[in-house]
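The values are calculated or read from the model by the stated rules, or taken from the named source; none is laboratory data. What you are looking at is a predicted structure, and each value in this text was computed from that prediction instead of being measured. Cβ atoms come from the backbone with ideal geometry, glycine included; neighbour counts cover every protein chain shown. Surface areas here come from the heavy atoms of the whole protein model, side chains and all, with no ligands, DNA or RNA. Shrake-Rupley method; radii C 1.70, N 1.55, O 1.52, S 1.80 Å.
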Amino acid sequence: DFSKAMSQAGTSQFQEVIRQELEYSMKIELDKILATAPSNELEHTKKDLEGFKKLFHRFLQEKGPSVDWGKIQRPPEDSIQPYEKIKARGLPDNIASVLNKLVVVKLNGGLGTSMGCKGPKSLIGVRNENTFLDLTVQQIEHLNKSYNTDVPLVLMNSFNTDDDTKKILQKYSHSRVKIYTFNQSRYPRINKETLLPIAKDVSYSGENTECWYPPGHGDIYASFYNSGLLDTLIGEGKEYIFVSNIDNLGATVDLYILNHLMNPPNGKRCEFVMEVTNKTRADVKGGTLTQYENKLRLVEIAQVPKAHVDEFKSVSKFKIFNTNNLWIALSAIKRLQEKNAIDMEIIVNPKTLDGGLNIIQLETAVGAAIKSFENSLGINVPRSRFLPVKTTSDLLLVMSNLYSLNAGSLTMSEKREFPTVPLVKLGSSFTKVQDYLRRFESIPDMLELDHLTVSGDVTFGKNVSLKGTVIIIANHGDRIDIPAGALLENKIVSGNLRILDH
């Protein structure tokens, strides 16, 4: 046992030496990069690289999955409240004064590349020519007009989306919404073999675009604070932010949740509220809320030891998942940021660049900070508050007659007899938005659809109706044209079906 202990001590000593050498090499490389910054970017770059250095230090310290599975417990009953209970409290007469304490923050760092689009994802048209950003501005403008309030919109951009977003913001200059932006940090990508940055200088245009990345939405706390905007908003009397992904069309301002935050029934305010919703088979990989060392904690699939992944995915054991709709007290962000006390697990995201180089990028997730805040709470909200558009399959749903659009908000049509959304899987011929749009002369009637699978070279004519389960498969070399006015109910269509103009 003694020799075993000695060899373990030797190993850990050796590992410590390696760690120190890696950190020293990283520091030298970062100093070289900083030396290339122009004077007007120096302060900003310095803050970014300091933040990256802290993250890299923690990355070297941590080994393996970051949760001890044995310590995970179900959250106590009262730590996740049903939305119905919060709604049942009703609204006070002075809801406008409560709304005036709110800021809406949208995470706007992502590009539309997964849907074949260039530029910010928020500028993709989703409904009647309206983009994600248009719908967001319409929602807040409607609130401000209805209650005579001043709820501002804040966009957290990345260096990928900032220029294009700022250009488009001019079109809202006459709307009744104050719009602010700040940029999340810009971190250097790391060579997987050497664990050193692949960037040689601070520039991020041309061939250098691949050297840098925005480090996930967990960066919101530091970059919001560093931008000075956090202090500005606190100075204006704002108390809470409502944060969500800009591509989640269900994430609208909920007055009942806001009232619960501002006027808590027990008199003790929550600093952090996470909206969760019930898992379906489609959500088994979503992060879940657990009780861990007497704190609410978000556990993501990447943190789970391999032996327990199936258990984590179980819909019966972990019934809810994080929608990434979060309500957070501004004063708490300021306090924790100043104490450097926001603790988020590191997500190691491996990628292969176009040239074949394997890199890693270190990221964090905004919801992971829940354990750093006092008096956190989960609220189990209806599924309708989680309507993300990640693919053209999602886009088909929100463009269809399943939803009606009112003041920027999408609501499920009352004509739909059951509240669940159909399962839609469009094949690779539909992945890019422009290909998808070309394949539908008009969006089919989907009010009575349960399940749609489309694969291969398929096009839809005008006024097609889809009901029940519909599967359309054109094999390689075949093409299927669904004729205008067709009704497909519980049908499988395969083979070749060409309709030619006379």
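Annotation: extensible slack from Ile492 through Asp78 equals 144.3 nm (criterion: 0.36 nm per residue apart, minus Cα-Cα distance). Ranking Arg186, Arg281 from most to least accessible surface, computed with a 1.4 Å probe over the protein chains only, gives Arg281, Arg186. For the chain, build the charge dipole from Cβ charges (+1 Lys, Arg; -1 Asp, Glu) around the Cα centre, then report which of Thr290, Ser114, Gln20 sits farthest towards its positive end. Among Thr290, Ser114, Gln20, the one farthest towards the positive end of the dipole of the chain is Thr290. Taking all protein chains as shown and a probe of 1.4 angstrom, Glu448 keeps an accessible surface of around 100 Å². Dividing the mean sequence gap of close Cα pairs (under 8 Å, 6+ apart) by how many residues the chain holds gives a relative contact order of 15 percent.
First compute the accessible area of the chain with a 1.4 Å probe, then give the percent of it belonging to carbon and sulfur atoms.
Solvent-exposed carbon and sulfur of the chain make up 50 percent of the total.
For segment 69-385, rounded, prolate or oblate, judged on the Cα gyration tensor with a ≥ b ≥ c (square roots of eigenvalues), a/c < 1.5 rounded, else prolate if a/b > b/c? Judged from the Cα gyration tensor, segment 69-385 comes out oblate (a/c at least 1.5, b/c at or above a/b). Separation of the alpha carbons by more than 24 angstrom is noted, of Lys425/Lys491; Lys319/Lys467; Lys279/Lys491; Lys295/Lys317, for Lys319/Lys467; Lys279/Lys491.
In the complete set of protein chains, residue-level accessible area for Val253 is approximately 30 Å², probe 1.4 angstrom.
Here the dipole of segment 76-183 is about 220 debye; that uses its Cα centre as origin and unit charges on the Cβ of Lys and Arg (positive) and Asp and Glu (negative).
For the chain, the longest principal axis of the alpha carbon atoms and the long axis of helix 2-35 meet at an angle near 70°. Along the positive direction of the dipole of the chain (beta-carbon charges: Lys, Arg +1; Asp, Glu -1; about the Cα centre), which of His174, Phe312, Pro265 reaches farthest? Going by the charge dipole, the pick is Pro265. Averaged over its residues, the chain has an accessible area of 49 Å² per residue, based on protein heavy atoms and a 1.4 Å probe.
Please report the antiparallel percentage of the DSSP beta bridges confined to segment 392-494, to the nearest 5. Let's see the in-between values first.
Working: 4 of 26 bridges.
Of all bridge pairs located within segment 392-494, approximately 15 percent are antiparallel.
Among Lys46/Lys351; Lys54/Lys166; Lys118/Lys432; Lys101/Lys390, which pairs are too far apart, with a Cα-Cα distance over 20 Å?
Check vs 20 Å cut-off fails for Lys46/Lys351; Lys54/Lys166; Lys101/Lys390.
Residues Lys166, Lys371, ordered by accessible area of protein heavy atoms at a 1.4 angstrom probe radius and largest first, appear as Lys166, Lys371.
If R0 is taken as 51 Å, the Cβ-Cβ distance between Asp478 and Ser97 corresponds to a FRET efficiency of 0.20. Rounded to the nearest 20 debye, the dipole magnitude of the chain is 600 debye, with +1 charges on Lys and Arg beta carbons, -1 on Asp and Glu beta carbons, and the Cα centre as origin.
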